[in-house]
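Colleague: Structure incoming, see below.
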Amino acid sequence: MSTTLTPDILDALALQAVEVPSWAYGNSGTRFKVFGTPGTPRDPFEKIADAAQVQRFTGLAPRVALHIPWDRVEDYAALRDHAESLGVVIGTINSNTFQDDDFKFGALTHEDPAIRQKAINHHLECIDVMDATGSRDLKIWLAEGSNYPGQNDMRARQDRLQDSLQQIYDRLSDEQRLVLEYKFFEPAFYHTDVPDWGTAFAQVSSLGERAQVCLDTGHHAPGTNIEFIVMQLLRLGKLGAFDFNSRFYADDDLIVGAADPFQLFRILVEVVRGGGLNHPDVTFMLDQCHNIEDKIPGQIRSVLNVQEMTARALLLDREALAAAQSANDVLGANEIFMDAFQHDVRPALAGWRESRGLAGNPMAAYAASGYQERIAAERVGGAQAGWGA
Ligand code: AOS
Ligand code: ZN
Ligand code: ZN
């Protein structure tokens, strides 16, 4: 196995961008408590300023995803200009039909046409924002479902969902996409209307080629072979985005790679195998919340973890692996696979960063920059929630 990060590998690493979410920079927490952090942004402009620090120290995070209504502003062109003045651009626009009382019993699936239209109109507003920010992707995650058997007609809800999504999809321009995210649980307890990759695939397939699936790594039952789903969606041409994060128990939204770096490696091996690396239609987005750790370094660590596991996946000796697989050399194939995973690429990546004018250790460089202390001193009062209105 080659342990050298060749120029081809380094070029591939340089090109793979990671899109950070605006809400990662706001205060967030669990349903038990939201702990505030000094220096937390007070508005979307400050969130983008913080996200730009991740790009400044890593060179890996040029795009910032927004969330409507959390990032609603009067002037989206000004927000777009602000981002670009800081060296980043606005990326995916995330809708939110999970915090409006009218949507208590559903939004895009609701039986009441007026409520369903309100939910559709919210997405049309998001597309207006996309037009203003130059965003390509509308990401939809639906917290819709039911809590008890018999509560709702699950089939009728699927039919209404398809009709609602079609109305939204038809509003998109030829350059825009709809990315539908699935989640097997919460906040509904009995059924969720987009619970799994199969449902998301079926719904987006009925819409058209610019409708894709978003795979959130925290949205699967324990023990799910997520890399199989990655392989299948890539094979079917319907993997539009990742929401990368880590979980120990549920959708914990922790630093990606922190809980299970091997799972992240296995996912990225399938991304590389399936041609999804540096693919314009496969967005590497983070969907994370930093409830007790400082948010900017939490995001820096996250994008570095993605880069490190991508580097290891690119070190995998695919020819030797294919030969061992063809020979049914069970232990040999696994050893080749594990060799790549076990290789510590951090020293090589640090040297490569320095050769490109970046700090070899972005975490230490950010800590030494004084930015955290400055925003803690300047931003007094009025911090925005990351997860929350
Ligand atoms: C919720 O669990 C989903 O992961 C959503 O993707 C995400 O948290 C939401 O998009 C925030 O707007
Ligand atoms: Zn997500
Ligand atoms: Zn989630």
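The values are calculated or read from the model by the stated rules, or taken from the named source; none is laboratory data. Note that the structure is predicted; figures quoted are calculated from it, not measured. Glycine also receives a Cβ, built like all others from the backbone with ideal geometry; neighbour counts cover every protein chain displayed. Remember, those area values only see protein heavy atoms, side chains included, never the ligands or the DNA or RNA. Shrake-Rupley method; radii C 1.70, N 1.55, O 1.52, S 1.80 Å.
Colleague: Could you list, in sequence order, all residues of region 215-237 that are in contact with a helix residue (DSSP H, G or I) (Cβ under 8 Å, 6 or more places away or on another chain) and open to solvent by less than 40 Å² (accessible area, probe 1.4 Å)?
Modeller: Scanning region 215-237 gives Leu215, Thr217, His220, Ile226, Glu227, Ile229, Val230, Gln232, Leu233, Leu234.
Colleague: How many of the residues in region 106-137 are charged (D, E, K, R) and either over 24 Å from the mean Cα position of the chain (by Cα) or open to solvent by less than 10 Å² (accessible area, probe 1.4 Å) (or both)?
Modeller: Residues of region 106-137 charged (D, E, K, R): 111-112, 116, 118, 125, 128, 131, 136-137.
From what's left, either over 24 Å from the mean Cα position of the chain (by Cα) or open to solvent by less than 10 Å² (accessible area, probe 1.4 Å) (or both): 111-112, 116, 118, 137.
Count: 5.
Colleague: Only one of Glu181, Glu175 is open to solvent by less than 40 Å² (accessible area, probe 1.4 Å) and modelled with pLDDT of 95 or more; which? Break it down stepwise before answering.
Modeller: Details: Glu175 fails: open to solvent by less than 40 Å² (accessible area, probe 1.4 Å).
When all the criteria are applied, what remains is Glu181.
Colleague: So which residues in region 276-315 are away from ligand 1 (no atom under 16 Å from the Cβ), in contact (Cβ under 8 Å) with a residue 60 or more places away in the chain and open to solvent by less than 20 Å² (accessible area, probe 1.4 Å)?
Modeller: Ile296, Ile300, Val303, Leu304, Val306, Gln307, Thr310, Ala311, Leu315
Colleague: Being within 14 Å of ligand 3 (Cβ to nearest atom) and touching a residue at least 60 places away in the same chain (Cβ under 8 Å) is the filter here; which residues of region 212-228 pass it?
Modeller: Cys214, Asp216, Gly218
Colleague: Out of curiosity, is Gly357 surrounded by fewer than 15 Cβ atoms within 10 Å (Cβ to Cβ) and among the small types (Gly, Ala, Ser)? Break it down stepwise before answering.
Modeller: On the way: surrounded by fewer than 15 Cβ atoms within 10 Å (Cβ to Cβ): yes; among the small types (Gly, Ala, Ser): yes.
Against the criterion (surrounded by fewer than 15 Cβ atoms within 10 Å (Cβ to Cβ) and among the small types (Gly, Ala, Ser)), Gly357 qualifies.
Colleague: For region 373-388, enumerate the residues that are at pLDDT 95 or above and open to solvent by 30 Å² or more (accessible area, probe 1.4 Å).
Modeller: Result: Glu373, Arg374, Ala376, Ala377, Glu378.
Colleague: Somewhere in region 196-207, is a residue touching a Lys or Arg at 6+ places or on another chain (Cβ under 9 Å), within 15 Å of ligand 1 (Cβ to nearest atom), in a loop (DSSP other than H, G, I, E, B) and of a type outside the set (Asp, Glu)?
Modeller: no
Colleague: Can I ask one more? Being of a type in the set (Val, Ile, Thr), over 18 Å from Gly276 (Cα atoms), open to solvent by 20 Å² or more (accessible area, probe 1.4 Å) and over 17 Å from the mean Cα position of the chain (by Cα), is that true of even one residue in region 203-213? Reasoning before the result, please.
Modeller: Filtering region 203-213 for residues of a type in the set (Val, Ile, Thr) gives 204, 213.
From what's left, over 18 Å from Gly276 (Cα atoms): 204.
Still in the list and also open to solvent by 20 Å² or more (accessible area, probe 1.4 Å): none.
Checking region 203-213: not a single residue is of a type in the set (Val, Ile, Thr), over 18 Å from Gly276 (Cα atoms), open to solvent by 20 Å² or more (accessible area, probe 1.4 Å) and over 17 Å from the mean Cα position of the chain (by Cα).
Colleague: Moving on. Does region 24-32 contain at least one residue that is at pLDDT 95 or above, open to solvent by less than 10 Å² (accessible area, probe 1.4 Å), within 16 Å of ligand 3 (Cβ to nearest atom) and assigned to a helix (DSSP H, G or I)? Show your work before the answer.
Modeller: The initial filter retains those residues of region 24-32 that are at pLDDT 95 or above, namely 24-26.
Adding the requirement that they be open to solvent by less than 10 Å² (accessible area, probe 1.4 Å) leaves 24-26.
From what is left, the residues that are within 16 Å of ligand 3 (Cβ to nearest atom) are 24, 26.
Imposing the further condition that a residue be assigned to a helix (DSSP H, G or I) reduces the set to 24.
The answer is yes, given that some residue of region 24-32 is at pLDDT 95 or above, open to solvent by less than 10 Å² (accessible area, probe 1.4 Å), within 16 Å of ligand 3 (Cβ to nearest atom) and assigned to a helix (DSSP H, G or I).
Colleague: For region 301-385, give me every one of the helices (runs of 4 or more DSSP H) that falls completely inside it and has 1 or more residues that are among the β-branched types (Val, Ile, Thr).
Modeller: On the way: elements: 318-326, 330-342, 346-355, 362-369, 371-378.
Of the helices (runs of 4 or more DSSP H) lying wholly inside region 301-385, those with at least 1 residues that are among the β-branched types (Val, Ile, Thr) span 330-342, 371-378.
Colleague: Could you tell me whether Phe262 is part of a helix (DSSP H, G or I), modelled with pLDDT of 95 or more and either open to solvent by less than 40 Å² (accessible area, probe 1.4 Å) or of a type outside the set (S, T, N, Q) (or both)? It would help to see each step written out before you state the result.
Modeller: Numbers: part of a helix (DSSP H, G or I): yes; modelled with pLDDT of 95 or more: yes; either open to solvent by less than 40 Å² (accessible area, probe 1.4 Å) or of a type outside the set (S, T, N, Q) (or both): yes.
Yes; evaluated as a whole, the condition is true for this residue.
Colleague: Could you tell me whether any residue of region 331-344 is farther than 29 Å from Asp294 by Cβ, aliphatic (A, V, I, L, M), modelled with pLDDT of 95 or more and open to solvent by 70 Å² or more (accessible area, probe 1.4 Å)?
Modeller: yes
Colleague: When residues of region 145-159 are filtered for being surrounded by fewer than 20 Cβ atoms within 10 Å (Cβ to Cβ) and either outside any loop (DSSP other than H, G, I, E, B) or touching a residue at least 40 places away in the same chain (Cβ under 8 Å) (or both), how many remain?
Modeller: First, pick out the residues of region 145-159 that are surrounded by fewer than 20 Cβ atoms within 10 Å (Cβ to Cβ): 147-151, 153-156, 158-159.
Checking the rest, the ones that are also either outside any loop (DSSP other than H, G, I, E, B) or touching a residue at least 40 places away in the same chain (Cβ under 8 Å) (or both) come to 147-149, 154-156, 158-159.
Summing the residues that are surrounded by fewer than 20 Cβ atoms within 10 Å (Cβ to Cβ) and either outside any loop (DSSP other than H, G, I, E, B) or touching a residue at least 40 places away in the same chain (Cβ under 8 Å) (or both) in region 145-159 gives 8.
Colleague: So, in region 38-59, how many residues would count as being open to solvent by 10 Å² or more (accessible area, probe 1.4 Å) and in a loop (DSSP other than H, G, I, E, B)?
Modeller: 4
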